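Visitor: Got a structure for you, written out below as structure tokens; questions coming shortly.
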Amino acid sequence: MTQYDASCAVMTVPKSRKRERGIAAVELALLLPMLVILALCTIDGARALQANIIMTNVAREGANLASRGGTDLEDGSQDIIYAVMASAPPLNVNQQGMMYITRVMGVGTTRSVVLDQYRWDDAARNLGARKSSYQPASRIYACGSWNSAGKCTGISSSSRPTVSVLTGKLDNGEIVYVVETFYKFDMLVNAFTFRKDALPTFGPDLYSMSVF
């Protein structure tokens with residue numbers, strides 16, 4: 001009777017299985033960078049959606065506050081902007097946000113003009129345009145000069161610029177408050193192109209407008 005010596009037994013892995021493991025490792029090494037980029041793009045999309053929702057709500061609340069009777073924008077515009085921008089965290093609006101409040105009036109039934117316009121430039125709290133380099137132009141009316149209180153100085157009763165917003169939708173003498181919000185959105189992954197395919201981009205300027 002032959003005795004079996006277990007200490008002499010050697011367990012071998014078939015060559016085909018070694019080859020499969022090597023191929024799997026190579027495939028993972030090739031796919032992993034793309035999977036990481038796709039994951040970061042998904043995160044970017046979620047962040048951009050969150051930022052857009054927040055800035056939309058800020059614009060809506062700002063227009064609501066500005067349109068309330070008795071609000072003097074000459075003195076109160078910065079308080080309104082500060083109040084609504086304070087509700088924007090986790091967004092870094094102090095460095096990457098901007099807001100404009102524009103009063104628009106209907107003239108006749110076919111024209112709309114700007115009565116006045118204010119931007120975020122809070123001297124009392126050192127916030128807004130005087131603190132941040134992010135100063136995108138309003139898409140309602142691009143004012144060329146501002147005073148220290150954040151009011152556009154290029155508009156007067158004798159020279160009211162015509163704008164396209166709500167043209168033909170306002171009654172003669174009807175006044176609405178248009179609030180615009182901007183946010184500079186920084187993506188985790190910048191524009192990436194593979195052959196002819198490009199990943200989606202968000203921003204850099206997220207924009208929202210609300211009218212009351």
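The values are calculated or read from the model by the stated rules, or taken from the named source; none is laboratory data. Everything numeric in this text was worked out from a predicted model, so none of it was measured. Here Cβ is always computed from backbone atoms with ideal geometry, including for glycine, and neighbour counts include all displayed protein chains.
Visitor: What is the residue count in region 141-173 for residues that are more than 15 Å from LEU115 (Cβ to Cβ) and assigned to a strand (DSSP E or B)?
Guide: So the count comes out to 1.
Visitor: Among the residues of region 57-64, is any within 18 Å of PRO204 (Cα to Cα) and in contact with a Phe, Trp or Tyr (Cβ under 6 Å, 6 or more places away or on another chain)?
Guide: no
Visitor: Here is a further query. Quick check: is even one residue across region 182-191 among the basic types (Lys, Arg) and not in a strand (DSSP E or B)?
Guide: The answer is no; no qualifying residue exists.
Visitor: Can you name the residue in region 192-212 that is at pLDDT below 85 and part of a strand (DSSP E or B) and, of all such residues, is nearest to ALA48 (Cα to Cα)?
Guide: ALA198
Visitor: Identify the single condition in (1) in contact with a Ser or Thr (Cβ under 6 Å, 6 or more places away or on another chain); (2) under 12 Å from TYR118 (Cα atoms); (3) hydroxyl-bearing (Ser, Thr, Tyr); (4) in a loop (DSSP other than H, G, I, E, B) that SER138 does not satisfy, given that it satisfies every other one.
Guide: Of everything listed in (1) in contact with a Ser or Thr (Cβ under 6 Å, 6 or more places away or on another chain); (2) under 12 Å from TYR118 (Cα atoms); (3) hydroxyl-bearing (Ser, Thr, Tyr); (4) in a loop (DSSP other than H, G, I, E, B), SER138 misses just condition (1).
Visitor: Taking only pairs six or more apart or across chains, which ones have beta-carbon atoms under 7 Å, a first residue in region 199-211 that is among the charged types (D, E, K, R), and a second residue that is in a loop (DSSP other than H, G, I, E, B)?
Guide: Note: pairs meeting the criteria are ASP205/PRO136.
Visitor: Also: Specify which of the listed residues (ARG103, ARG47) is touching a helix residue (DSSP H, G or I) at 6+ places or on another chain (Cβ under 9 Å) and crowded, with 17+ Cβ neighbours inside 10 Å.
Guide: Of the residues listed, the single one that is touching a helix residue (DSSP H, G or I) at 6+ places or on another chain (Cβ under 9 Å) and crowded, with 17+ Cβ neighbours inside 10 Å is ARG103.
Visitor: Oh, and also: Please work out which one of (1) touching a residue at least 40 places away in the same chain (Cβ under 8 Å); (2) surrounded by fewer than 19 Cβ atoms within 10 Å (Cβ to Cβ) is the condition GLY62 fails and give its number.
Guide: (2)
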